[in-house]
There are 2 protein chains.
Amino acid sequence: MKRPTLEVVAARAGVSKSSVSRVINGETTVAPQIRDVVMQAVHELGYVPNGAARNLVTRRTDTLAVVVSDPPQGVVSDDPLFSAVVRAVSRELEIAGKRLVLMLAESDQSRTRVEQYIAGAHVDGVLLVALHGTDPLPAALSRQGLPVVSFNRTSAQDVPYVALDNAGGAALAVHHLLERGRRRIATITGPLELHEARERLDGYRHTLRDTGRRSIVALGDFTRGSGAEAMRQLLEDDPDLDAVFAANDLMAIGALRTLHQAGRRVPEDVAVVGFDDIEAASYTTPSLTSVRSPMADQATAAVHLLLSLIDGGPTDPVIMPNELVVRESS
Amino acid sequence: MKRPTLEVVAARAGVSKSSVSRVINGETTVAPQIRDVVMQAVHELGYVPNGAARNLVTRRTDTLAVVVSDPPQGVVSDDPLFSAVVRAVSRELEIAGKRLVLMLAESDQSRTRVEQYIAGAHVDGVLLVALHGTDPLPAALSRQGLPVVSFNRTSAQDVPYVALDNAGGAALAVHHLLERGRRRIATITGPLELHEARERLDGYRHTLRDTGRRSIVALGDFTRGSGAEAMRQLLEDDPDLDAVFAANDLMAIGALRTLHQAGRRVPEDVAVVGFDDIEAASYTTPSLTSVRSPMADQATAAVHLLLSLIDGGPTDPVIMPNELVVRESS
DNA sequence: CTGAAAGCGCTTACAG
DNA sequence: CTGAAAGCGCTTACAG
């Protein structure tokens, strides 16, 4: 059974293809009687317009690409944020009546594929989720003249973005620890080539400096193992520390383990605060205090920004505030 | 700067549109010299074929839809499996040179949208991820005559699927506990309207029956809270139990908490085994023994099944085996 | 308000 | 092996 076309519907309804098209597209300049007879035919035949034909002539696809650019073992893709972001974007696009093509760019090869696809006029715009500020994709895509919005700050100047207030979030964590009476507050950083990591470190540093305290810094790379290792090193270098701010939850979880092995009680001896508030943060023992990144809200904002860009609206960067979720570890 | 068309490339290369088309599509019946001059023009102009035009005439889109059908607070979407499945599918489709349109069906309204979209000839096939065997979508989509494969067993008879060996996984867990010398092994079930939940319960029951032991069953609904509550009830009903098999990890995590509060040591007093091996399973204290569902492999298998269906190949159901990941809790 | 006609950018028999 | 022509299924000025 072949799919019916506009022409078949028109014949059935006894009107022109133009009229059927107008009814289908909800134009108001159609006589009610024509409208009715067309709708009748549409229902009887189960007609649904062919997408490709429509896209070809309108030059729109009502489809947006979400490109997740990250190495296979990278930070974005493997962590729980992936799911939160993708789902929020999907929901928001559905509300806007758009479709989502998901593309992973995990290698140079797939990056090329993404560029080819984008160049093929399959989508109206691109939402880029890339953690590395140095990712070449934003610039490459933006060069194609297609609307591009980034889920993070990028090195490409002209790409609008939505970003977390990372420094503010770190400040939130440190202030909280100070209020709890902690005096020797260390931090475990992410990989410093990432914006996020640098900004969180800056927030930590500035807050301590403003209160006349010194920073105690250990380097991590956002993995659980690196958090455990950094914590070991911190305990060795500064046995008297009484608090740790980890730049993400995975490292905080690693730190918890090290503290447990070292016989330090959390939070009595050492308070721990993480960042991101991933699901696992509430499963640890003790449960983990964390800076909540409003991933879903950020995703929603990014979609709105992209839609605005496509419609020629404003494209000012959006900075998302964080909040602190206090649990047992601090 | 307008995108160049086939016609422009043909003019530049001094050949016909037909020849350009043939070169672009890698047909072998082209003279080398024509091939070269066309490729030259393609590169100079940065030509990429318009997808819509191509789709219209070929009646293929090289795009597959992944439909995740579940209530907003549902089991599939909110849990960590979502990300694993979506990523694995995406990778596999990329290898096959296909694109992925992701659709969430969280309400009747969005279900309708999905059906409309599928009917619009935007995709060549559908991979359906729905936990509820009673979901109306498989049947509805399959009725459209488009290739559909389900990530789970469904009530629609004619929809090929890939499923986990749930009963086998449960048996694995119970045998393991028996080998550890446990004698009073309880279970916490998932919501019994789900295939998964029933099959895991059956596996538990049969294994115990085969060894002459009785079942101790508490009902849960796959949430952490329900696991905690079921565990409380089990302890009350049968204070001497020495092991629990929870039908998923979230419930197992809830059970761990209840046991901790009740002063039972894990695994010394009560051994705990979960199912799914989500990421959080390795973060708990003690870390959780779990039946590993090979989600990525299952996703890969589902993609292969769908591609096979599209090509008119075999479409036999695939059953994925599980393995047990033994950690500290048992 | 309605219809006939052109055209979107490709692919594909069909001749040669 | 190559090219001219038809056609995929829509939308959209343009007349009326």
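Data table
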{"quantity": "Pairs, first touching a residue at least 60 places away in the same chain (Cβ under 8 Å) and more than 14 Å from every other protein chain (Cβ to nearest Cβ) in the stretch A:4-28, second within 11 Å of DNA strand C (Cβ to nearest atom) and in a helix (DSSP H, G or I), C-beta under 6 Å, six or more apart", "calculated": "none"}
{"quantity": "Answer residue from the stretch A:1-23, given it is over 16 Å from A:D36 (Cα atoms) and part of a loop (DSSP other than H, G, I, E, B) and is nearest to DNA strand C (Cβ to nearest atom) among those", "calculated": "A:T5"}
{"quantity": "Filter result for the condition that a residue is outside any helix (DSSP H, G or I) and either in contact (Cβ under 8 Å) with a residue 24 or more places away in the chain or touching a His at 6+ places or on another chain (Cβ under 7 Å) (or both), over A:A186, A:A228, A:A173, A:A167", "calculated": "A:A186"}
{"quantity": "Residues of the stretch B:254-292 satisfying the condition of being within 14 Å of another protein chain (Cβ to nearest Cβ) and in contact (Cβ under 8 Å) with a residue 60 or more places away in the chain", "calculated": "B:A255, B:L256, B:V266, B:D276, B:I278, B:E279, B:A280"}
{"quantity": "Residue list for the stretch A:24-51, filter: near DNA strand C (Cβ under 9 Å from one of its atoms) and in a loop (DSSP other than H, G, I, E, B)", "calculated": "A:E27, A:T28, A:T29, A:V30, A:A31"}
{"quantity": "Restricting the stretch A:44-71 to residues that are polar (S, T, N, Q) and within 16 Å of DNA strand D (Cβ to nearest atom), the residue that is nearest to A:A13 (Cα to Cα)", "calculated": "A:N50"}
{"quantity": "Members of the stretch A:282-305 that are over 19 Å from the mean Cα position of the chain (by Cα) and either within 22 Å of A:T189 (Cβ to Cβ) or surrounded by fewer than 24 Cβ atoms within 10 Å (Cβ to Cβ) (or both)", "calculated": "A:S282, A:T284, A:T285, A:P286, A:S287, A:L288, A:T289"}
{"quantity": "Residue match in the stretch A:202-211 (condition: buried (at least 24 other Cβ atoms within 10 Å of the Cβ) and out of contact with any Ser or Thr (no Cβ under 8 Å at 6 or more places or on another chain))", "calculated": "yes"}
{"quantity": "Options A:L234, A:L194: the member that is among the aliphatic types (A, V, I, L, M), in the same structural domain as A:E268 (by TED's automatic domain parsing) and either without any contact (Cβ under 8 Å) to a residue 12 or more places away in the chain or over 22 Å from A:A271 (Cα atoms) (or both)", "calculated": "A:L194"}
{"quantity": "Residue match in the stretch A:29-43 (condition: near DNA strand D (Cβ under 10 Å from one of its atoms) and either under 17 Å from B:G120 (Cβ atoms) or at pLDDT below 95 (or both))", "calculated": "yes"}
{"quantity": "Extreme residue, surrounded by the fewest Cβ atoms within 10 Å (Cβ to Cβ), among residues of the stretch B:111-130 that are within 10 Å of chain A (Cβ to nearest Cβ) and not in a helix (DSSP H, G or I)", "calculated": "B:G120"}
{"quantity": "Positions within the stretch B:78-110 being among the basic types (K, R) and not in a strand (DSSP E or B), in sequence order", "calculated": "B:R87, B:R91, B:K98"}
{"quantity": "Filter result (surrounded by fewer than 22 Cβ atoms within 10 Å (Cβ to Cβ) and at pLDDT 80 or above) within the stretch B:137-160", "calculated": "B:A139, B:A140, B:S142, B:R143, B:Q144, B:G145, B:L146, B:D158, B:P160"}
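The values are calculated or read from the model by the stated rules, or taken from the named source; none is laboratory data. Because the structure is a prediction, the values reported are computed rather than measured. For neighbour counting, all protein chains shown are included, and Cβ atoms are generated from backbone atoms with ideal geometry for every residue, glycine included.
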